[in-house]
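The values are calculated or read from the model by the stated rules, or taken from the named source; none is laboratory data. As the structure is a computational prediction, the values presented were derived from the model and not from experiment. With ideal geometry, Cβ positions are generated from the backbone for all residues, glycine too; neighbour counts draw on all protein chains shown. SASA here: full protein model, heavy atoms, side chains in, ligands and nucleic acids out. Shrake-Rupley method; radii C 1.70, N 1.55, O 1.52, S 1.80 Å.
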Amino acid sequence: MIHLIERYITGVPLWAERTIVAVIAALVGAFVALAVHTVLYRVSARIARASKSRADDILINRLARPTRWSFVALGVILAARETPALAAAWDKVAGFVMPVLIGWIALAILRTFVETMYLRYDISVEDNRNARRRRTRLGIISRIISFGIVFLTISLMLLSIPGVAKIGVTLMASAGLAALAVGAAAQPALKALIAGLQMALTEPISIDDVVVIDGEWGRIEDIRTTYVVVRVWDDRRLVVPTTRFLEDTFQNWTKSTAQLLGTVMIYLDPAAEIGPIREEYTRQITTHRLWDKRAQILQVTDHDADAMEVRLLMSAKDGPTLFDLRCEIREGMIDWIRRHQPEALVRRRMLPVSPVELAAGPSMADAIAVTKGNGATMTH
C-alpha cells in the first residue's frame with residue numbers, strides 16, 4: 001500500500017512526499033482500526049444486552065471510548081511499521097500517548113468494578129448497614145487507587161522527556177533543602193491522603209450515616225479523601241475536613257445499627273394520676289405505625305414543688321422515623337391529657353388574699369404631725 005501511495009505523489013519534494021505518505025498511512029490505519037472497533041463493540045454490546053447481569057453492560061459502556069482510541073493508536077502503530085516517516089513521528093509522541101491510554105483503560109476498569117459492587121450492595125433496603133459500610137470502603141479506596149493511577153500516568157509521561165531525567169538526577173544530588181521544602185508543601189495533601197485511607201480502614205462513618213456535628217443533624221452524603229459532605233435536614237450541605245471525623249468528637253446515630261431509642265418529656269402537675277396516662281401512652285405507642293416494637297415505657301424521672309417530669313421512652317427503626325414518632329406521640333399525649341385530665345397540666349397557682357387594713361398608730365401620727373410642722377415652718 002505504501003508503494004501505491006508513493007506512485008501517485010511523484011514529482012514532489014522528498015520531505016513533502018514523506019509527510020504525505022505518513023499522514024495517509026496514519027489515516028488509513030486509524031480508519032481500519034475504527035471499523036474493527038465498531039464491529040467488535042456492537043457485537044459485545046448485543047451479547048451484554050442479552051445477559052441478565054448489568055455488570056457487562058457497565059463494562060462495555062465504560063470501555064467504549066478508551067478502547068476506541070486505543071484501537072486508533074494500534075492502527076497507527078501497525079501503519080508505522082511499514083512507513084519509516086510515520087514511525088519516526090510516532091516514536092516522539094508514543095511516550096505521551098501510550099501512558100494516557102493505559103491509564104484511561106485502568107480507570108475505566110476500576111470504575112466498572114466499583115459500579116458493579118454498588119449494584120451488589122443496595123442501600124435502599126431497610127437493613128442497609130453492611131451495604132453502606134462496603135460502599136464507603138469501596139468509594140474511598142477507589143479514589144485512592146484513581147489518584148495513584150493518575151500520578152503514575154503523569155510520571156510515565158514526564159519520564160518520556162529526556163530532560164526530566166537529568167533534572168531529577170540534579171535534584172537528587174542537592175536534595176537537602178529541596179526535599180525539606182517539598183515535604184513541607186506536600187504535608188497537607190499527604191495528611192489528607194493518609195486520613196482518607198485511615199477512614200476506609202477504621203470506618204468511623206459510612207455513606208448515609210446519621211451524624212450530629214457542630215450541632216447540626218444530617219446524613220453523610222459523600223466521602224472524599226480530603227473532605228466529607230454532610231446533608232443537613234434542611235438540604236444544606238456541610239463540607240467537613242476528613243480529619244475532623246478522626247480527631248474530634250461527633251455523634252454517629254447509625255454506627256452499629258440504624259435502630260434508635262428516643263424520649264419525650266412531659267411536665268405535669270404533682271397531683272396528676274399517672275396510671276391512666278400510662279395506659280393511654282401504651283395504647284398510642286402500640287398502635288402507632290412508626291414504632292418498631294422494641295421499647296416503650298413511661299416513668300416519672302423527676303419531681304419538685306411545681307411539677308413532675310414524666311419521660312416517655314420509645315424506639316424506631318432509624319433517626320428520621322424516630323423524630324416523627326416523638327413529635328406525633330408528644331402531640332397525641334398532650335391532646336389526650338388536655339381533654340381527659342385537664343387538671344394534670346402544670347399551672348401557676350396564686351392564693352387570693354383579702355385586703356389588709358392599716359390603722360395609724362401613735363408613732364405614725366407623731367411622724368405626720370412633725371412633717372406638717374416642718375412644712376409650715378418652711379412656708380413661713
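Taking the Cα centroid of region 83-105 and of region 246-277, what is the distance between the two, rounded to the nearest whole Å?
66
Normalised by the number of residues in region 261-336, what is the relative contact order in percent for Cα pairs under 8 Å and 6+ residues apart?
Computed value for region 261-336: 41 percent relative contact order.
Can you give me the long-range amide H partners of THR242? Hydrogens built in the peptide plane at 1.01 Å from N, cutoff under 5 Å, separation of 5 or more residues or another chain.
Distant-sequence amide H within range of THR242: TYR227, VAL228.
Could you derive backbone 3J(HN,Hα) for region 266-276 from the dihedral phi with the Karplus parameters 6.51, -1.76 and 1.60 (θ = phi - 60°), listing whole Hz in sequence and x where the residue is Gly or Pro?
Taking θ as phi minus 60°, the curve returns 10, 10, 10, 5, x, 8, 5, 8, 7, x, x Hz for region 266-276.
Leaving ligands, DNA and RNA out of it, work out the accessible area of PHE96 with a 1.4 Å probe and give it in Å² to the nearest 10.
Probe radius 1.4 Å; accessible area of PHE96 about 80 Å².
Take ARG347, project a point 7 Å from its Cα along the Cβ direction, then tell me which residues of region 262-283 have their backbone nitrogen under 14 Å from it.
Correct set: 269-272.
Loop-only GluC sites (Glu not before Pro) in region 272-334, please: DSSP not H, G, I, E or B, and at most 13 other Cβ atoms within 10 Å. Intermediate values should be presented prior to the final figure.
Details: sites: GLU273, GLU279, GLU280, GLU309, GLU328, GLU331; in loops: GLU273.
Hits after loop and neighbour filter: GLU273.
Given an 8 Å cut-off on Cα distances and at least 6 residues of separation, report the relative contact order of region 33-152 as a percent.
Working: 72 pairs, mean separation 29.8, N = 120.
Once divided by the residue count of region 33-152, the mean separation gives 25 percent.
Just grab the label-to-label distance for ILE334 and ALA305, each label 7 Å out from Cα along the Cβ direction, in nm (one decimal).
Roughly 2.7 nm, to one decimal.
Under a 1.4 angstrom probe, counting protein chains only, how are HIS303, HIS37 ranked by accessible area, largest first?
HIS303, HIS37
Determine ³J(HN,Hα), in whole Hz, for all residues of region 325-336 in sequence, where each value follows from phi through the Karplus function 6.51 cos²θ - 1.76 cosθ + 1.60 and θ = phi - 60°; x replaces Gly and Pro.
3J(HN,Hα) across region 325-336, in whole Hz: 5, 4, 5, 6, 5, 4, 5, x, 5, 5, 5, 5.
Under 5 Å between amide hydrogens, which residues at least 5 positions from LEU290 or on another chain qualify, with H placed 1.01 Å from N in the peptide plane?
Long-range HN contacts for LEU290: none found.
How large is ³J(HN,Hα) for each residue in region 143-155, as worked out from phi by the Karplus curve 6.51 cos²θ - 1.76 cosθ + 1.60 (θ = phi - 60°), to whole Hz, x for Gly and Pro?
Per residue, the Karplus-derived 3J(HN,Hα) values read 5, 5, 5, 4, 4, x, 5, 5, 4, 5, 4, 5, 5 Hz.
Which translational diffusion coefficient, to the nearest whole µm²/s, is obtained for region 25-76 from the Stokes-Einstein equation, given a Kirkwood hydrodynamic radius over C-alpha pairs, 10 °C and 1.306 mPa s?
Calculated translational D: 138 µm²/s.
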